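Read the structure below first, then the notes.
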């Protein structure tokens, strides 16, 4: 199963922990909001779960990739 | 006045909206909007089983008329496959201020819209039917409420906020859930998990009116357009799908800049519509979108218009999603700079890329689409502005072709 990270945009407050924990798949735009890679490769799934748990506003979800 | 034309004074301060008689949806312009006239003109309300409704809406290739163009039959099937008793929602909140077609349809044929909702609800065994009315068009609200009072079925009504994003599907579900009428992240489509986490079939008013006609054996072969220019009153007309744009617009309109699909739409270069037809396929192949059928014509400089529209759209952000809150004002500024000849197109495209697919609703995506299409269709004019020349201000716009 292919996975991706999705952001709950109204909830995200640009705290940046996702970038700290998962720089392989997350970068930040000039305002501090995450730019997320299209897909989370299997070797990053554990780190991605950690980022989801660590988000202070609970704005991240790891979901099955959609087309 | 021509009897096939109705002028509806939508707003006492405005010059009204002209509604022209059409072949099906707007065929009853002269008849009056009441239930008796409706039944005489269109015949009694048909009852269809779910399979028959899915089959017929698929057979006539009915696409949603709110802008996204999603196949109605697919949405209907998704609603039936999810757990829970479904609801039906008629979305009449035309957040796009340039769109008048759903309001016009409701003034002429409110019962056609309600028929479609009723037929769909009966086929689905829906628990409830909601009609979401526009907050800024009181005549439409009164007309729909009067029509609902004439019928035996039960419809609940709600009034949307006066805001560009209030009509977005997720915002409408929020409104009906008793929360603020603003978009939230929908992890699944409303048809799967919508109102009260139950499957919710939410479609635009015109889509339901087509359902009413399809159920009576008339195909969905037409679409409603709002055509508006800089000076005359908006015109709403029903056009056969596949009709050449040459036969829809005047020569001066075809040869000037046209914004198709409204403020979230795409700019067509002068004359680009001459070889195209009113259809998603024909226009899609040319990189243009029909959206909710808004056609904005005029002879003003499209660079100035695009900058004004982007500035307005930035001010209409619900203020909830970071990339939209921060990115749209910057994108609008980049368009204003380009119109003044101060900036290039790279910054416009970069900022468009930064807001796309990064919000709870389609507002940033629509704004980016409008900006990107300006760069594509008006590359020549953008270069001219950098040289300090505006062809439109000089009264010598680029010739079509």
Of all DSSP beta bridges with both partners in the protein assembly as shown, the antiparallel percent, nearest 5, is 60 percent
Computed over region B:101-151, the ratio Rg/Rh where both radii use C-alpha atoms and Rh is Kirkwood:
0.98
Taking the Cα atoms of region B:223-386, report the difference between the largest and smallest coordinate on each principal axis, in whole Å and largest first.
42, 36, 30
Rounded to the nearest 5, what % of DSSP beta bridges with both residues in chain B are antiparallel?
45 percent
At 222 nm, what value in deg cm²/dmol follows for chain B if DSSP H runs of at least 4 each add -39500 (n - 2.57) and the sum is divided by all its residues, to the nearest 500?
-12000 deg cm²/dmol
Share (percent) of C-alpha pair distances in chain A greater than 17 Å works out to 30 percent
Of all DSSP beta bridges having both residues in region B:217-342, the percent classed as antiparallel (nearest 5) is 80 percent
Per the 1/(1 + (r/R0)^6) rule, R0 = 41 Å and r from the Cβ atoms of residue B:221 and residue B:138, FRET efficiency to 0.05 is 0.80
Most exposed first by the Cβ proxy, i.e. fewest other Cβ within 10 Å, how do B:232, B:118 rank?
B:232, B:118
Arranged by the count of other C-beta atoms within 10 angstrom, fewest first, what order do A:8, A:43 take?
A:43, A:8
Between residue B:380 and residue B:275, what's the calculated FRET efficiency when r is the beta-carbon distance and R0 is 25 Å? Round to 0.05.
0.85
A correct Stokes-Einstein calculation for region B:37-134, using the alpha-carbon Kirkwood radius, 37 °C and 0.692 mPa s, returns a whole-number D in µm² s⁻¹ of 226 µm²/s
Tilt, helix B:72-81 to longest principal axis of chain B (alpha-carbon atoms), in degrees rounded to tens, equals 50 degrees
Treat the count of other C-beta atoms within 10 Å as a stand-in for reagent exposure and order B:114, A:60 from fewest to most.
A:60, B:114
Checked the protein assembly as shown with the C-alpha gyration tensor, a ≥ b ≥ c its square-rooted eigenvalues, rounded below a/c of 1.5, otherwise prolate if a/b is larger than b/c and oblate if not; verdict oblate
Tilt, helix A:45-54 to longest principal axis of chain A (alpha-carbon atoms), in degrees rounded to tens, equals 30 degrees
In degrees from 0 to 90, rounded to the nearest 10, what is the angle of the helix B:110-124 Cα long axis to the longest principal axis of chain B?
60 degrees
Quantify how strongly other chains surround peptide B:348-361 by giving the mean number of their Cβ atoms within 10 Å of each of its Cβ atoms.
2
Based on Cα positions only, what radius of gyration and what Dmax would you give for region B:246-340, in angstroms?
14.6, 44
Using only the alpha carbon atoms of chain B, find the Kirkwood hydrodynamic radius as the inverse mean reciprocal pair distance, in angstroms to one decimal.
21.6 Å
Place a label point 7 angstrom from the Cα of residue A:28 along the Cα-to-Cβ direction, then list the residues of region B:327-368 whose backbone nitrogen is under 20 Å away.
B:327-328, B:330, B:351, B:354-356, B:358-359
Taking the Cα-to-Cβ direction at residue B:180 and at residue A:61 and moving 7 Å from each Cα, how far apart do the two end points lie in nm?
2.0 nm
With each label point set 7 Å from Cα along the Cα-Cβ vector, what nm distance links residue A:38 and residue B:196?
4.1 nm
I'd like the mean, over residues of A:7-19, of how many other protein chain beta carbons sit within 10 Å of each residue's own Cβ.
4
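Here, each number is a calculation from the coordinates, and none is a lab measurement. Just so it is clear, the model here is predicted, and its values are computed rather than measured. All Cβ positions, even for glycine, are placed from backbone atoms using ideal geometry, and neighbour counts span all protein chains on display.
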